[in-house]
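Here the structure comes first, spelled out in structure tokens, and everything after it is commentary.
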Amino acid sequence: MRSISRGCYYLGMEPILRYRGRPVSDSDVDFIRRLLATSPQVSRRALSIQLCEAWNWRQPNGEPSDAVCRGLLLALHRAGHIELPAPKWRSQKPRVRCIPPPVDDVATTLLGCRLGELGLLDIRQVRRTPDEAKVIGLIERYHYLGYVQPVGESLKYLVSAGGRPIACFAWSSAPRHLGPRDRFIGWSKEARRANIRQVAYQSRFLILPWVQVPHLASHLLGRMARRLSSDWEQVYAHGIDFTETFVDPARYRGTCYRAANWQYLGMTTGRGKDARTREPTRSRKMVFGYPLVADFRERLGRLT
């Protein structure tokens with residue numbers, strides 16, 4: 001955001017608000033008030049687009065940071081610094097979880113062989129392609145956690161052998177706060193805010209239940225490690241330096257991750273990001289991490 005923080009620090013003044021680590025000055029608020037005064041009937045979304053254009057606030061892929069900007073406007077509105085127009089439209093439908101369509105055209109006969117007998121494996125990134133729905137459907141039907149729409153940046157992969165799907169991956173933006181990972185990387189809060197986008201979270205890894213091929217899981221993890229960063233850069237204009245995942249110890253031991261040289265980093269607290277107390281509200285998970293570059297600590301610790 002171009003104008004934020006200029007008035008605060010050059011004059012030695014405290015910001016009136018911080019949003020996602022960014023200081024907001026009196027001059028920033030005055031600018032927003034002038035926009036509102038110029039177009040009093042503007043919608044909240046249109047206002048956020050104008051603000052993104054004025055401040056050159058964009059995502060790494062070049063698109064306006066519309067959703068984040070609306071969050072900032074709402075925070076200023078709730079704090080009493082600006083008066084936003086009433087929402088133009090509200091959905092009258094109850095919020096329900098979107099269930100992906102069933103996947104019926106996948107062969108479910110047993111596929112059991114040695115890894116070398118599978119032949120050439122096709123690993124395709126399917127985000128924003130017709131096969132994305134197939135990956136969503138397979139995860140929803142065969143993964144014990146089902147499918148959940150990711151927040152932030154995300155990629156999905158379909159793995160096939162002989163034209164037959166055998167596995168799926170889903171990756172998304174990493175959680176902002178994760179103690180075992182943060183301690184392992186050793187970055188500061190400021191560095192974490194600046195570089196969290198360079199960490200990817202493996203939200204789902206599915207070997208389809210009729211596929212029984214020893215060492216396939218660790219082999220696929222190795223293949224993914226060699227291509228994830230470049231694929232991410234093609235879609236979001238920045239690479240990935242570190243990846244992480246959770247493993248439920250009540251179900252699994254993380255054997256395939258250990259075999260693929262992922263490192264056990266520790267246990268989650270079981271509280272979740274919105275917990276109001278220090279008491280666990282969900283099962284604790286093992287945290288595994290895998291650096292994609294040798295100098296990951298240096299890269300993730302940079303402030304510029």
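Remarks
- Residues in the range 189-204 that are assigned to a strand (DSSP E or B) and not basic (Lys, Arg): 199, 200, 201, 202, 203.
- Taken over the range 144-158, the residue count meeting the criterion of being under 19 Å from residue 59 (Cβ atoms), not charged (D, E, K, R) and not in a strand (DSSP E or B) is 4.
Yes/no matrix, rows are residues, columns are (1) closer than 20 Å to residue 175 by Cβ; (2) touching a His at 6+ places or on another chain (Cβ under 8 Å); (3) at pLDDT 95 or above; (4) small (Gly, Ala, Ser):
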| residue | (1), (2), (3), (4) |
| --- | --- |
| 189 | yes, no, no, no |
| 194 | yes, no, no, yes |
| 197 | yes, yes, no, no |
| 202 | yes, no, yes, no |
| 205 | yes, no, yes, no |
| 214 | no, no, yes, no |
| 219 | no, no, yes, no |
| 223 | no, no, yes, no |
| 227 | no, no, yes, no |
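- Only one of the numbered conditions (1) out of contact with any Leu (no Cβ under 9 Å at 6 or more places or on another chain); (2) assigned to a loop (DSSP other than H, G, I, E, B); (3) exposed (fewer than 13 other Cβ atoms within 10 Å of the Cβ) is violated by residue 230, and that is (2).
- Members of the range 159-188 that are among the charged types (D, E, K, R) and either in a strand (DSSP E or B) or touching a residue at least 60 places away in the same chain (Cβ under 8 Å) (or both): 164, 176, 181, 183
- Candidate set: the range 266-304, residues that are at pLDDT 80 or above, among the hydrophobic types (A, V, I, L, M, F, W, C) and assigned to a loop (DSSP other than H, G, I, E, B); chosen: the one nearest to residue 218 (Cα to Cα): 292
- Every residue from the range 1-46 that is of a type in the set (A, V, I, L, M, F, W, C), modelled with pLDDT of 65 or more and not in a strand (DSSP E or B): 16, 29, 31, 32, 35, 36, 37, 42, 46
- The single condition among (1) at negative phi; (2) within 17 Å of the chain's Cα centre (by Cα) that residue 112 does not satisfy is (2).
- Being within 22 Å of residue 252 (Cβ to Cβ), surrounded by fewer than 20 Cβ atoms within 10 Å (Cβ to Cβ) and among the charged types (D, E, K, R) holds for only one residue in 141, 114, and it is 141.
The values are calculated or read from the model by the stated rules, or taken from the named source; none is laboratory data. If you're wondering where the values come from, they're calculated on a predicted model, not measured in any experiment. Ideal geometry is used to build each Cβ from the backbone, glycine not excepted, and the neighbour counts take in all protein chains shown.
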